[in-house]
Amino acid sequence: MGWQRYSSLYIPWCSRAKVFKKDISGWSTARNRPLSLSLTHTRPLCKKAMVEIPQTHRAVRWYPPSYKIRVEDVPVPTIENPDDAIVKVTLGGLCGSDLHVYRGTGGIHDPIVCGHEFVGEVVALGDNFGPNAAGRPTLYSTLKIGDKVVAPFTVSCGECHFCRIGFSSRCAHSQLFGIPSLSGGQAQYVRVPKAGGTLFKVDSILALLPPDKERKLSDSSLLLLADILPTGVFAAVQALQHPKVAPFLTGRPFPFNATFVPEIHESTKPGNLHSSDRKLSIAIVGLGPVGLCATVALLDMLSDLNVSTGLKAQVLAIDPFESRQAKLKTVFETVSRGGSAQGVEFVSAGIEDGKEIMKKWTDDVGADVVLEVVGNNSALKLSYDLIRPFGVITSVGVHPDETVPFTGTELYDKNVSFDFGRCPVRSVLPFASKLLLKRQDVFGGVGTPESLIDRIVSIEEAEKSYELFDKGKVGKV
C-alpha cells in the first residue's frame with residue numbers, strides 16, 4: 001500500500017473514546033510500508049489499547065455507473081459495535097468478482113470502498129474481546145492487538161444456526177466486504193464486524209505444520225485464503241461429495257451408495273461397478289485465479305482418491321485465453337512433480353477444442369462433473385453443453401442478475417443437478433489452509449510462470465490494475 005505522511009489522531013478504539021491531536025514524524029518507507037514512527041508524550045487512553053493511526057487513509061473507491069476507480073483519502077473506520085475489530089491491511093487483493101462492480105453489473109448504485117480480500121494486523125478490538133468471553137467463538141477470548149489475521153470475504157458470527165452447521169456464507173449476520181454498508185479491503189484500514197467469528201489467525205495456519213517442518217509461509221499467499229483458494233476448494237469438495245459422484249468413489253451404483261439407503265431384500269442388491277465405469281471425467285470452465293485454485297484443489301483430491309481407492313480421472317480445463325491455458329499447463333507440471341496428480345489425465349484447451357476433447361474422452365456422452373467458475377451465462381451454457389445425463393454442475397462464479405440460459409425441459413431431459421452459490425469461506429478454511437501449506441510452489445511465489453499471484457503493486461496503481469485485469473492482461477493482483 002502507498003503510504004504518506006499524515007497528521008494523526010491517537011484513537012482508543014472502544015466506547016468512551018477520547019481524542020487529542022499530535023504530530024507524527026519520522027516516517028520512512030521501504031516496499032511501501034512505514035518502517036519507523038517517533039512519538040512524544042503519548043499516554044494510554046483506553047483499557048483495550050491505544051493505537052496510533054492517521055486521521056484519514058488511502059482507499060480504492062468505485063463510482064457508478066461503471067469503470068471509474070479512484071484512490072482517495074477517506075476517514076479511517078472506527079469501532080461501531082463491541083464485536084468489531086479494526087485491521088491494518090498489509091495486502092489487499094483484486095478478485096474476478098470485483099469486475100462485476102467495476103463493469104456496473106454488480107447491482108451496486110452508490111460509491112464504495114472496493115475489495116473483499118485482505119490480510120493484516122489487528123490494531124483495535126471492541127469491548128467484547130477478553131478472557132471473560134466464555135461460551136463464544138474462541139477468538140473473542142484469544143484475539144489480541146498485533147495478531148496477524150486473514151479475513152474471509154464475508155462476515156460470519158460463528159454462533160447462528162447457519163454458522164454452526166457449516167453454511168457460514170449464509171450467516172444470519174452476513175455482510176460482504178466492499179458494499180455501501182461495509183467498506184472493503186482495498187484500503188489501509190478495515191472495520192471487521194463479528195470479528196471473533198469472522199477472522200482467522202495466521203498462527204493457527206502455521207500450527208498445522210508438523211513440528212519438524214520449517215514454518216514458512218509467504219505473506220502474499222495468505223491473501224488467497226480470503227476468497228479464491230477456499231472458493232476453489234469448495235467447488236471441488238462440493239462436486240466430489242455429490243451423491244451422483246458417489247458411484248465413482250465407492251464402486252457401488254446409485255442409489256445404493258449413500259449414507260442412508262432404505263432396507264431392501266439382500267437378493268435385490270446390485271453388484272459393484274465394473275472398473276471401466278469408474279473413470280471420472282471432469283471439466284473446469286474458466287481458468288482465472290479461482291479456476292486455477294479449483295484445479296489445484298481438484299487435482300490434489302483426485303490424487304488422494306487414486307491412492308486410497310484406485311480412482312482414475314480425466315480433467316479438462318477450458319478457457320478462451322491462451323495465456324491462461326498455458327499458465328495452467330505450467331501449474332500442472334509443477335504439482336505433478338510434487339505428487340498431486342496421480343491417476344489423472346489432464347488437458348487445458350480453448351472452448352471448441354475442449355468440447356471435442358470431452359466428446360473423444362467419453363464417446364460423446366459428456367462430463368460427469370463440471371465446475372463453473374466464471375459467473376456468466378455463456379459459461380453456464382458451455383457447462384450444460386459439456387455435461388452428461390445425470391451429471392453435476394457446481395457453479396461458484398458470481399452471476400449477474402440474469403435469467404439462466406436453460407429451460408426446465410432441458411434440465412429435466414438431462415437429469416442435471418446444479419449447485420449454485422457463495423463459498424462458506426470460514427467453514428472451508430481448514431481444508432484451504434492445508435492445501436496452501438502443501439502447495440507453496442504454486443501459491444507462495446509472485447510473478448513466476450507457475451505462481452498464481454502475478455504481481456504486487458502499490459494501492460496508487462489500483463486504477464491501472466483494474467483496467468489490465470478487466471482485459472485479461474494480468475493475473476492475480
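The single condition among (1) assigned to a loop (DSSP other than H, G, I, E, B); (2) closer than 30 Å to C293 by Cβ that W62 does not satisfy is (1). Within the range 256-296, the set of residues being surrounded by 13 or more Cβ atoms within 10 Å (Cβ to Cβ) and more than 30 Å from V477 (Cα to Cα) comprises F256, N257, N272, L273, R278, K279, L280, S281. Residues in the range 285-301 include none that are over 21 Å from the mean Cα position of the chain (by Cα), in contact (Cβ under 8 Å) with a residue 60 or more places away in the chain and closer than 21 Å to S395 by Cβ.
Within the range 361-477, considering only helices (runs of 4 or more DSSP H) that don't extend past its boundaries, which have at least 1 residues that are under 20 Å from the mean Cα position of the chain (by Cα)? Let's see the steps before the verdict.
Values: elements: 377-386, 408-414, 425-438, 440-443, 462-470.
Correct list: 377-386, 425-438, 440-443, 462-470.
D277 meets all of the listed conditions (1) at pLDDT below 95; (2) closer than 17 Å to I357 by Cβ; (3) among the charged types (D, E, K, R) but one, namely (2).
Within the range 195-213, the residues that satisfy the criterion of being under 22 Å from D441 (Cβ atoms) and in a helix (DSSP H, G or I) are V202, I205, L206. Is there a residue being crowded, with 22+ Cβ neighbours inside 10 Å and assigned to a strand (DSSP E or B) anywhere in the range 164-184? Looking for residues that are crowded, with 22+ Cβ neighbours inside 10 Å and assigned to a strand (DSSP E or B), one finds none in the range 164-184, hence no. Here G115 meets each of (1) assigned to a strand (DSSP E or B); (2) crowded, with 23+ Cβ neighbours inside 10 Å; (3) not hydrophobic (A, V, I, L, M, F, W, C) with one exception, condition (1). Taking the listed residues S323, S303, the one that is small (G, A, S), over 23 Å from V374 (Cα atoms), out of contact with any helix residue (DSSP H, G or I) (no Cβ under 7 Å at 6 or more places or on another chain) and surrounded by fewer than 24 Cβ atoms within 10 Å (Cβ to Cβ) is S303, with no other qualifying.
Is it the case, given these coordinates, that A134 is surrounded by fewer than 18 Cβ atoms within 10 Å (Cβ to Cβ) and either within 13 Å of D84 (Cα to Cα) or among the hydrophobic types (A, V, I, L, M, F, W, C) (or both)? Let's see the steps before the verdict.
Working: surrounded by fewer than 18 Cβ atoms within 10 Å (Cβ to Cβ): yes; either within 13 Å of D84 (Cα to Cα) or among the hydrophobic types (A, V, I, L, M, F, W, C) (or both): yes.
For A134, the condition - surrounded by fewer than 18 Cβ atoms within 10 Å (Cβ to Cβ) and either within 13 Å of D84 (Cα to Cα) or among the hydrophobic types (A, V, I, L, M, F, W, C) (or both) - is met.
How about the range 51-73: which of its residues are among the aliphatic types (A, V, I, L, M) and either touching a Gly at 6+ places or on another chain (Cβ under 7 Å) or surrounded by fewer than 17 Cβ atoms within 10 Å (Cβ to Cβ) (or both)?
Step one: filter the range 51-73 for residues among the aliphatic types (A, V, I, L, M), giving 51, 53, 59-60, 69, 71.
Selection gives V60 alone.
The values are calculated or read from the model by the stated rules, or taken from the named source; none is laboratory data. Keep in mind that this is a model prediction, so the values were computed, not measured. Neighbour counts run over all protein chains shown; Cβ positions are idealised from the backbone, glycine included.
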